[in-house]
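Here is the structure we will look at.
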Amino acid sequence: MRFIYLALASFLSLLSAGSYASETSIADVSNSLNSTWVVLAGVLVFFMQAGFALVESGMSRAKNAVNVIMKNYMDVCVCSVIFWALGYGLMFGINTSGWFGSSHFLPADLSDWDWTFLFFQMMFAATATTIASGAMAERVQFHAYLIGACIIAGFIYPLFGSWAWGSIYDGEGWLKAMGFVDFAGSTVVHSLGGWVALAAVIILGPRLGRFSHSGEARRIPGHNLTMVALGGFVLWFGWFGFNAGSTVEANSSIGKIALNTHLAACCGALGYMLVSKLFKQAILLTGTVNGSLGGLVGITAGCATMEPFFAMLTGVIAGGISFLGPKLLASFKIDDVVDAVSVHGFCGAWGTLAAGLFYVGDLFNLTRISVQALGIGVAFVWGFGIAYCAYFLIDKLVGMRASSLHEQRGLDFTEHAEIGYPEFQDTRAINQEALNAQR
């Protein structure tokens, strides 16, 4: 009898140990899958920088192609370091006040998951920063632009992000506590970047020849529409990581988020085309690409909390906004080379409002809508206000605007001593002018 008892006890002990090992194994596999998915999504968001470079360079003139791409390239390099050192702590550190994080600066000792999350959020910071690049293309000094990029990545973006998304350690942002819905950043990333871009172009002023003496807007076409279309596809591709990766875990909701993202992009292009026909204007490739990007920006806030029909409606309206927004800005003589303010600022604000309007299972809840409207307003006041002050100071201290001579010749060789299309220009004369400019 004693032997049977001991055998039974041993069996139960082994069974319990096996069960524990199985549970541990399942948890390890789940953590590994989550980390793998978030890193992959972060890589997709990183690849969006290539899309921005293609779209912005293609919509600019050939003489500024290198300068535009250089700004996109250095956005990633500068902003990643700044966000690691300062932005991550401000945005996601311990936030007992509700206003900003107060820990995890210069992080050097984090858990495996925290390193994964930091990498993913670093790519978001670079995206928010690079939005302003295209808007101020063709007339901003390179060093002045980089100073502004550091301010965005290290202060403007993480502070608002802490209000809407922070913290992951202790406490939470005051907007988040109120129930603000912005799943992947229609406002936190895109609208904020759009409002920064608006401040920048107001400080810079329009390009030479963009408006006549009577105030009539003149179109300055870009040099390569193939690059614009390819950049649009690259951004669209990367956006699946942007939105679906914001689950920060590999769960079953990813499929619906990706579907909503895709449908909104498709309907954004269709919305632009419908409004173009309504106004009896030509359907432009640049406008169509921006329409789909507007749809992507619009759905980013509510991609996880909308049914597909409302995602499509959000995209259609965003596409119409991408058509009307540039005309509104042009009426105020505001020159936005790639229509970043309209696509990111205006469409991001609409998408954030739509996330409150079309919240699944609780449509048109006035309380939620009012919180969304508050978040939109705060983002504008903060993003535009601080950016305007920062760019004003940069302009007064180091100068924002390139000289008229450099703008006419192109910023490729006056800023970088090289050009993107040497076969189209007299290389010897350009090299000599570049040397003279550097002296």
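The table for this structure:
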quantity	calculated
Shape category assigned to the range 149-256 from the gyration tensor of Cα positions, a/c cut at 1.5	oblate
Degrees, to the nearest 10: 427-438 long Cα axis against longest axis of the chain	80 degrees
Rounded, prolate or oblate (a/c below 1.5 giving rounded, otherwise prolate when a/b exceeds b/c) for the range 286-439 by Cα gyration tensor	prolate
Distance in nm between pseudo-label sites at Tyr421 and Gln408 (7 Å out along the Cβ direction from Cα)	2.1 nm
Over 18 Å [Cα-Cα, the range 329-390], rounded percent	48 percent
Helical contribution to [θ] at 222 nm, DSSP H n ≥ 4, -39,500 (n - 2.57), averaged over the chain, rounded to 500	-22500 deg cm²/dmol
Rounded to the nearest 20 debye, dipole of the chain from Cβ charges on Lys, Arg, Asp, Glu	1120 debye
Largest-first ellipsoid semi-axes for the range 62-209, taking √(5λ) over the Cα gyration tensor eigenvalues, angstrom	29, 17, 11
Mean projected area (nm²) of the alpha-carbon convex hull when the range 20-124 is viewed from all directions	8.9 nm²
Crossing angle, helix 65-82 versus the chain [Cα axis fit, 0-90 degrees, rounded to tens]	40 degrees
Gained length - Ala282 relative to Arg219, 0.36 nm times residue gap less alpha-carbon distance	21.3 nm
Theoretical gain in end-to-end length, Lys333 to Ser212 [0.36 nm per residue, Cα-Cα removed]	42.6 nm
Helix axis angle, 112-135 relative to the chain longest principal axis, alpha carbon, degrees	20 degrees
Rule-of-thumb Rg ratio for the range 213-257 [Cα; 2.2 N^0.38 Å; N residues]	1.97
Net charge contributed by nearby residues that have their C-beta within less than 9 Å of Ile419 (K/R +1, D/E -1)	-1
For q = 0.17 Å⁻¹, Debye-computed log10 I/I(0) when each Cα of the range 279-340 counts as one equal scatterer	-0.61
Charge dipole (the chain, unit charges on Cβ, about Cα centre) - positive-most of Ile317, Pro107, Ala258	Ile317
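Computed from the coordinates by the stated procedures, all read-outs in this text should not be read as laboratory data. Nothing here was measured: the structure is a model prediction, and the numbers come from that model. Here the Cβ is made from the backbone with ideal geometry for all residues, glycine too, and neighbour counts use every protein chain on show.
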